[in-house]
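Chemist: Have a look at the structure that comes next, please.
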Amino acid sequence: MSDWIEACAADDIDEEDVIRFDHEGRTFAIYRSPDDEFFATDGLCTHEHIHLADGLVMDDIIECPKHNGRFSYKTGQAKGAPVCVNLKTYPIRVEAGKVLIQLGQ
Amino acid sequence: MTVTSGMVIIGAGECGARAAFALRENGYEGLVTLIGAEKHLPYERPPLSKDIMVCEDHPVARTIAAQEYFDEKAIQFIAETTVTHIDRRAKQLAFADGQSLPYEKLLLATGAIPRTLPLAAESRHCAYLRSFDDALTIRARFRPGARIVIVGGGFIGLELAASARKRGAEVTVLETQARVLMRGVPEEIAETIAARHRQEGVQLRCGIGISAIRDSGASATIGLANGETIHADLVIIGIGAVPVTALAEAAGLETGNGIFVNEYLQTSDPDIFAAGDCCIFPLALYGGRRVRLEAWRNAQEQGTLAARNMLGFAEPHLSVPWFWSDQYELGLQVAGLPDEGTLTIRRDLGDGAFILFHLAADGRLVAASGIGPGNAVARDIRLAEMLIARSACPAATQLAAPDVKLKSLLAA
Ligand SMILES: Cc1cc2nc3c(=O)[nH]c(=O)nc-3n(C[C@H](O)[C@H](O)[C@H](O)COP(=O)(O)OP(=O)(O)OC[C@H]3O[C@@H](n4cnc5c(N)ncnc54)[C@H](O)[C@@H]3O)c2cc1C
Ligand code: FES
């Protein structure tokens, strides 16, 4: 069991948007959906290692900025060429305006 | 006796491989055969001028899928086999060894090959880049201090120039036109890229013709039209690509600068489709203007669409053209065809990144081209692409203002 880590303030992310969060040499992407829920995934695309936080969020999809590979940021599922490997997702919760993420080992 | 025929795809590049998978994704259960002239499993070409040239370890081709995946999807992949004849009447293909293969529907995804320079024909020190094997040959000669001359200031030439510099080679680029990237990229962006190359020590010489290439031992001597000579350990010819149409032409299909297809990617024979770099197609976005693209995403999209239309979906190709290029830390992306525009609006994004929006005379946004470090322009180019797809007419003042979010224009 690992601890919850404070990633950012809820207000740091616009609705239907994403930001990058780096922690102890790892990089993550934190999303706020159009219906105001928060999600977290690994920060790098599984095709080439590109930061997904530079990409575009549309509904429940994050689109990679490099070659438009698409993932569901809610489930991590790869949604077709050129990406075929899913993204890892992480538990997330909001408490008193702060976004907390549980990173695991 | 009945011979079962099925879907056959000629050309196992990006487009052919995507089409094979798309046939299965769309529920097709018959035979799928993918035939390719190269010995490798289908692989991605864009890294050939980029990562493959500079990576530290022994380079490996980035395959589109592993053999097991082809097996799992029951796609018969036949490597190292060139199709030499299409018998349209009998609906079957002939191979060099006399074998034949019947087809129900056929997809031509034969791609393009580098345009050759007749002056280079006699030289052993000239190379072209299209395949993984070409890339290995070139890579082996990118050594510190090696003199590399690149003929042609197009994307492949410039990406190779950047890669060669990273490997410590001395690089000269010779371009006959007045500037680099004459096709497809506006001057302001080409100038940004040219300046970056000069800063890295690349000799960029535009408006210069070549009169001869002669070998002298381990190097080549290039004679320039102005009488000057330069020496090179390796000359790379990057003067564009030509579509592979001979097979289609011999079968009596309509061809020109590419295999002619309609908006459903169907050739003049309704049982034969063509897609990717080899085809010339009408672009609905610009009133049916015929274009041939040499772009990776187009190869994927058209491969997928051709597969659906082989199965009878009858869907037109509607996508907005899009491509990228990477040189040093700079990322370029272009959505739409900038030459459709008459008015250009610039938006600065900070860090030297900027986007040019190209508007037609009637106010429609027809293209957007952007450049900046890393993926700085990606998000806005993607949003611009969506505006282009809708034939939106955003106000010039809003496009120019970095604080106006493009996403808000999309909602309008
Ligand atoms: C070095 C390089 C860098 C690139 N970088 C970028 C980039 O950064 N961005 C971008 O958008 N695009 C880029 N591209 C373009 C992109 O790779 C192409 O658009 C894409 O590969 C086209 O796919 P295709 O399947 O249509 O053709 P191809 O990839 O050319 O595949 C066609 C295949 O068909 C085979 N074939 C042909 N005739 C026969 C026959 N008769 N029988 C059997 N097989 C046959 C060929 O051997 C080949 O393997 C790059 C291309 C190259 C070469
Ligand atoms: S790096 Fe993300 S799609 Fe290629």
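The values are calculated or read from the model by the stated rules, or taken from the named source; none is laboratory data. Just so we're clear, the structure is a prediction, and the values are computed from it rather than from any experiment. Counting neighbours? That spans all protein chains shown, and the Cβs are built from the backbone with ideal geometry, glycine included. The protein model used for the area step is the full one, side chains on, heavy atoms only, and it has no ligands, DNA or RNA in it. Shrake-Rupley method; radii C 1.70, N 1.55, O 1.52, S 1.80 Å.
Chemist: Going residue by residue through region B:95-118, is there one that turns out to be of a type in the set (Phe, Trp, Tyr) and modelled with pLDDT of 95 or more? Reasoning before the result, please.
Modeler: First, pick out the residues of region B:95-118 that are of a type in the set (Phe, Trp, Tyr): B:95, B:103.
Within this subset, residues satisfying the condition of being modelled with pLDDT of 95 or more are B:103.
Yes, that holds for at least one residue.
Chemist: From the set of residues in region B:272-313 that are part of a loop (DSSP other than H, G, I, E, B) and out of contact with any strand residue (DSSP E or B) (no Cβ under 9 Å at 6 or more places or on another chain), which is nearest to the other protein chains (Cβ to nearest Cβ)?
Modeler: Among them, the one singled out is B:313.
Chemist: State yes or no: is residue A:30 under 22 Å from residue B:406 (Cα atoms) and assigned to a strand (DSSP E or B)?
Modeler: yes
Chemist: When you scan region B:53-60, do you find a residue that is touching a residue at least 12 places away in the same chain (Cβ under 8 Å) and surrounded by fewer than 20 Cβ atoms within 10 Å (Cβ to Cβ), even just one? Talk me through it step by step, then tell me what you get.
Modeler: As a first pass, look at region B:53-60 and keep what is touching a residue at least 12 places away in the same chain (Cβ under 8 Å): B:53-54, B:59.
Right, trim to surrounded by fewer than 20 Cβ atoms within 10 Å (Cβ to Cβ) and you get B:54, B:59.
Checking region B:53-60: at least one residue is touching a residue at least 12 places away in the same chain (Cβ under 8 Å) and surrounded by fewer than 20 Cβ atoms within 10 Å (Cβ to Cβ).
Chemist: Could you check how many residues of region A:88-105 are under 22 Å from residue A:10 (Cβ atoms) and either polar (S, T, N, Q) or surrounded by 14 or more Cβ atoms within 10 Å (Cβ to Cβ) (or both)?
Modeler: Number satisfying all stated conditions: 10.
Chemist: Could I ask something else about it? Looking at region B:14-35, can you tell me whether even one residue there is within 16 Å of ligand 2 (Cβ to nearest atom), within 14 Å of chain A (Cβ to nearest Cβ), within 23 Å of residue B:127 (Cβ to Cβ) and outside any helix (DSSP H, G or I)?
Modeler: no
Chemist: Given (1) within 16 Å of ligand 2 (Cβ to nearest atom); (2) in contact (Cβ under 8 Å) with a residue 40 or more places away in the chain; (3) open to solvent by 40 Å² or more (accessible area, probe 1.4 Å), identify the lone condition not met by residue B:343.
Modeler: If we test residue B:343 against (1) within 16 Å of ligand 2 (Cβ to nearest atom); (2) in contact (Cβ under 8 Å) with a residue 40 or more places away in the chain; (3) open to solvent by 40 Å² or more (accessible area, probe 1.4 Å), just (1) comes out false.
Chemist: Only one residue in B:205, B:139, B:196, B:183 is at pLDDT below 95 and in the same structural domain as residue B:232 (by TED's automatic domain parsing), so which one is that?
Modeler: Of the residues listed, the single one that is at pLDDT below 95 and in the same structural domain as residue B:232 (by TED's automatic domain parsing) is B:183.
Chemist: Could you list, in sequence order, all residues of region B:300-309 that are open to solvent by 10 Å² or more (accessible area, probe 1.4 Å) and within 9 Å of ligand 1 (Cβ to nearest atom)?
Modeler: Within region B:300-309, B:300 is the sole residue that qualifies.
Chemist: Hey, could you check region B:201-225 for residues that are in contact with a strand residue (DSSP E or B) (Cβ under 9 Å, 6 or more places away or on another chain) and outside any strand (DSSP E or B) and say which is surrounded by the fewest Cβ atoms within 10 Å (Cβ to Cβ)? Spell out how you get there, then give the answer.
Modeler: First, pick out the residues of region B:201-225 that are in contact with a strand residue (DSSP E or B) (Cβ under 9 Å, 6 or more places away or on another chain): B:201-216, B:219-225.
Then drop every residue that is not outside any strand (DSSP E or B), which leaves B:201-202, B:207-209, B:225.
Values: B:201: 9, B:202: 21, B:207: 11, B:208: 14, B:209: 11, B:225: 12.
Among residues in region B:201-225 that are in contact with a strand residue (DSSP E or B) (Cβ under 9 Å, 6 or more places away or on another chain) and outside any strand (DSSP E or B), the one surrounded by the fewest Cβ atoms within 10 Å (Cβ to Cβ) is B:201.
Chemist: Can you spot a residue in region B:155-162 that is at positive phi and open to solvent by less than 10 Å² (accessible area, probe 1.4 Å)? Before the answer, list the steps.
Modeler: At the first step, the residues of region B:155-162 found to be at positive phi are none.
No - not one qualifying residue is present in region B:155-162.
Chemist: Residue by residue through region A:6-27, note down the ones that are surrounded by 13 or more Cβ atoms within 10 Å (Cβ to Cβ), on the phi < 0 side of the Ramachandran plot and not in a strand (DSSP E or B).
Modeler: A:10, A:12, A:13, listed by residue number.
Chemist: Sticking with this structure for a sec: Give me a count of the residues in region B:315-327 that are open to solvent by 20 Å² or more (accessible area, probe 1.4 Å) and either assigned by TED's automatic domain parsing to the domain that holds residue B:190 or within 16 Å of ligand 2 (Cβ to nearest atom) (or both).
Modeler: Summing the residues that are open to solvent by 20 Å² or more (accessible area, probe 1.4 Å) and either assigned by TED's automatic domain parsing to the domain that holds residue B:190 or within 16 Å of ligand 2 (Cβ to nearest atom) (or both) in region B:315-327 gives 3.
Chemist: From the set of residues in region A:39-59 that are in a strand (DSSP E or B), touching a residue at least 40 places away in the same chain (Cβ under 8 Å) and open to solvent by 30 Å² or more (accessible area, probe 1.4 Å), which is nearest to the other protein chains (Cβ to nearest Cβ)?
Modeler: Here the residue is A:58.
Chemist: Given the criterion surrounded by fewer than 21 Cβ atoms within 10 Å (Cβ to Cβ), among the small types (Gly, Ala, Ser) and closer than 23 Å to residue B:26 by Cα, identify the matching residue among B:312, B:287.
Modeler: Going through B:312, B:287 in turn, just one is surrounded by fewer than 21 Cβ atoms within 10 Å (Cβ to Cβ), among the small types (Gly, Ala, Ser) and closer than 23 Å to residue B:26 by Cα: B:312.
Chemist: Right, another one. Applying the selection to region B:36-45, what residues are in contact (Cβ under 8 Å) with a residue 40 or more places away in the chain and either within 14 Å of another protein chain (Cβ to nearest Cβ) or in contact with a Leu (Cβ under 9 Å, 6 or more places away or on another chain) (or both)?
Modeler: Scanning region B:36-45 gives B:43, B:44, B:45.
Chemist: Suppose we keep only residues that are in a helix (DSSP H, G or I) and in contact with a Leu (Cβ under 7 Å, 6 or more places away or on another chain) within region B:358-395. Which one would you say is farthest from the other protein chains (Cβ to nearest Cβ)?
Modeler: B:388
Chemist: Which numbered condition in (1) under 19 Å from residue B:5 (Cα atoms); (2) outside any strand (DSSP E or B); (3) without any contact (Cβ under 8 Å) to a residue 12 or more places away in the chain is the only one that residue B:90 fails?
Modeler: Unmet for residue B:90, out of (1) under 19 Å from residue B:5 (Cα atoms); (2) outside any strand (DSSP E or B); (3) without any contact (Cβ under 8 Å) to a residue 12 or more places away in the chain: (3).
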